[in-house]
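Only one structure is covered here, and it is reproduced in the block below.
What follows draws every value from the coordinates through simple rules; no lab data is involved. The shown structure was predicted, so the numbers you read here are calculated from the model rather than taken from an experiment. When we count neighbours, we look across all protein chains shown, and the Cβ atoms used for this are built from the backbone with ideal geometry, even at glycine.
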Amino acid sequence: MISHPMPEFGSGCLYLGLALTIYNFVFGGLALWGASPRGLLATAISEVTWNRLGETARRAGLASFVVLCCAAFALVWAAFTNDFSVEYIRSHSNIALNPAYKFAALWSGQEGSLLLWAWMLSAYGFVLRMRHRVDVRLTAFASTIMAAVQTFFLLLLTVAAPPFSIAPGPLAADGAGLNPLLQYPEMVIHPPMLYLGYVGFSVPFAFALGALMMRYPGEKWIHITRRWTMVTWLFLTCGIFMGAHWAYSVLGWGGYWGWDPVENASLMPWLTGTAFLHSVMMQEKRGMMKNWNVWLIFSTFMLTILGTLLTRSGAVSSVHAFAQSAIGAWFYIFITIVFAVCLFTFFMQRDHLKSENKLESLVSRESSFLFNNMILLAACFTVLWGTLFPVLSEYVQGSKVTVGAPFYNRVNIPIGLFLLFLTGLGPLLAWRSTTLRSIRRNFILPSIAMALAAIGLMIGGLRPWNDGDDMHATIFSLVAFTLSAGVIAAITEEFLRGARVVRTQTGKNILSSIVLLTRRNTRRYGGYIIHFGIVVMFIGIAGGAFNQAREMEMSYGDTLSIGPYSLVCQSITQDSKPEYDTDYALLDVYKNGKKITQLSPEKRSYFAGTDHEQSSTIVALHSTAQADLYTVFEGKNPDTGRPIIKVFLNPLIAWIWIGVVIVVIGTFIALAPNLVRSPVRQRQEDVASAMGGTLGAPGVLVEAPHV
């Protein structure tokens, strides 16, 4: 019998990790039940004994992370050593594969991606359990709930989808290789980033469910999970847009978001997670929307599981999805159990979620948060309905009816514009109620900015009534640009209003005052920067209404013109690499008669380690702030043998990626601790302000402690 030490080691680690996780779940739950005042055995066994049992459960959870690290290492090691005795490695790697993509083989297939999920979940759990002194009992609840989730994934890995299965038959000389579409640098980062977002939402979910189970007093659980949630949301945001950039750069269709079911699966928890991040502020400040908050985080977690189901079960057709699989039934059962537990806990403890205040006015900061939640949930429901419609139609009619991009655009464009409006409206409204005088004062600058933007755009040629069939797209762009101008003005006004107060207190110039203002209230002004980034992204998206495309058979000397650009073909060349053959064109690019660059789009045919050829497109791109010139080698005309070149001119698309960078910066600022003034300096500034003077010397600043 042939021995396979590394696969056997990996399998052993998974079984040991499952045993440790079950111990963490069972005995952690038993310790919580026994130590509670209502526990049946609380009087028979001392509290110290229950606490010791709970501590052993916590340590078992810590140990499971170490064991799963070993399991993940075993699979990566098998990829790097070309151990084709492992069926997974034979199917997703080959000898000639680039080392970076050998590492990416860990998440390139179903079994490996599930192992990555379980490993990341154990990593989040490790950090949570190491920080258990923040609140020992609440953390114990969260740890036990996370162990229950991890048990499900480890059962999948040991029973339904084992990653270390030995391949049948004789040992293969080479593997099938990695899907060419995945052989792109961003694909080494995009899936783990997306998974960090998916898996990370299990932490606030566990805290929320645990706090509800134990009737946790106050809002401390929100303070504990705020940074967890923001970091997770940031990972998911980056993962989504890195995926969009991959689709834009690799698939060769000129777009970045096609409302693909798996794209939608990542968007849905992002929408509910965004709503949760806004809604918890209402609970912190006003003791309101408690029911909303628990169900928003419950829904976010269940949507991450649904997204994993859609990708791995083969229930939907997608360039991202894996083949049909039997593990779908496992996910359906798990989602049903999670929903039942959440629903049961909610009804048992719903009296604990009574609001401390009521909505006093429709024109208030509270109402803007409420509308924000409703519009985000409306968008989520639209995406969910469109994504599941093929599955539902097949179940009812026996055939799949696919919902295309026009459906999503028709519904979500108005929703997106209203959300953009709320982004600028919220900061201008006061808590409880906003007076008419305040509305007039706060809306002057944004209204002027919107009016000037609309007039300027129409003078510049953006006139919907002249665009015929493109009228709706032009209206969307005009409204988006106009609202964006108003939101930017509102955010700028918020910064300037606060900076003037700081300048009065400190004597600093306006720029230094803005920096100091931001550092004193990082959460609020970091949030404004995030909103600004979202607006910049909307500007980039709105530019899509003016996309152009041209396609042409080209040979030496031929010229293709699009917008201000002319592309002149210099050569059509073939080349061979160890993994693929390639055809590519050399195109000189001229703008207004002046050569500015040379582009070389490719068409690759991969063959190394595969039973049949696989092709992929390598896009050549010239990007500026004004527009992207996007060229694609589509192949050769079988009749003439001449290459077909397709060119897209995509205005403003770079601003989408710039907006993402701004969102990342804003999130880091919002995560940073506030700077606070020393008590002595605070009194000096208050006195100076009361006397109508200023303090010229800079204030003494000290770091606020982390919560």
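Pairs with C-alpha atoms separated by more than 22 Å, drawn from the list Lys400/Lys646; Lys102/Lys646; Lys102/Lys577; Lys595/Lys646, are Lys400/Lys646; Lys102/Lys646.
Label sites at Ile658 and Thr559, each approximated as a point 7 angstrom past Cα along Cα to Cβ, lie 3.1 nm apart. Pairwise alpha-carbon distances in region 1-177 exceed 21 Å for 52% of all pairs.
Please check the chain for the longest run free of trypsin sites (Lys or Arg not before Pro) that are loop-located per DSSP (anything but H, G, I, E, B) and have at most 12 other Cβ atoms within 10 Å. Counting at most 12 other Cβ atoms within 10 Å as exposed, the longest clean stretch of the chain is 359-707. Dipole of the chain computed with +1 at Lys/Arg Cβ and -1 at Asp/Glu Cβ about the Cα centre; of Trp119, Thr492, Ile596, farthest Cα towards the positive end is Thr492. In the chain, a dipole from Cβ-located charges (positive for Lys and Arg, negative for Asp and Glu) runs towards its positive end, and of Ile562, Gly12, Ile530 it is Ile530 whose Cα lies farthest in that direction. Farthest towards the positive end of the charge dipole of region 148-263, among the residues Tyr256, Gly177, Val203, is the Cα of Val203, using unit charges on the Cβ of Lys, Arg, Asp and Glu. The slack between Trp77 and Phe344, meaning 0.36 nm per residue of separation minus the straight C-alpha distance, is 91.7 nm. The slack in the chain from Lys577 to Asn409, taken as 0.36 nm per residue of separation less the alpha-carbon distance, amounts to 56.3 nm. Taking 0.36 nm per residue of separation and subtracting the Cα-Cα distance, full extension of the segment from Thr640 to Val136 would add 174.1 nm. Here region 543-609 is described by how far its Cα atoms reach on the three principal axes: 45, 29, 21 Å, from widest to narrowest. Under 16 Å from a label point 7 Å along Cα→Cβ of Thr158: give me every residue in region 58-99 with its amide N that close. Inside the label zone: 60-72.
A Förster radius of 22 Å combined with the Cβ-Cβ distance from Arg497 to Arg437 puts the calculated FRET efficiency at roughly 0.90. A simple spin-label model places the labels of Val127 and Cys69 1.5 nm from each other, with each point 7 Å out along Cα-to-Cβ. For Arg642, the residues whose modelled amide H falls within less than 5 Å of its own, excluding neighbours fewer than 5 places apart on the same chain, are Asn637.
Karplus-derived 3J(HN,Hα) values for region 640-648, using 6.51 cos²θ - 1.76 cosθ + 1.60 with θ = phi - 60°, are 9, x, 8, x, 9, 10, 10, 10, 10 Hz; glycine and proline are entered as x.
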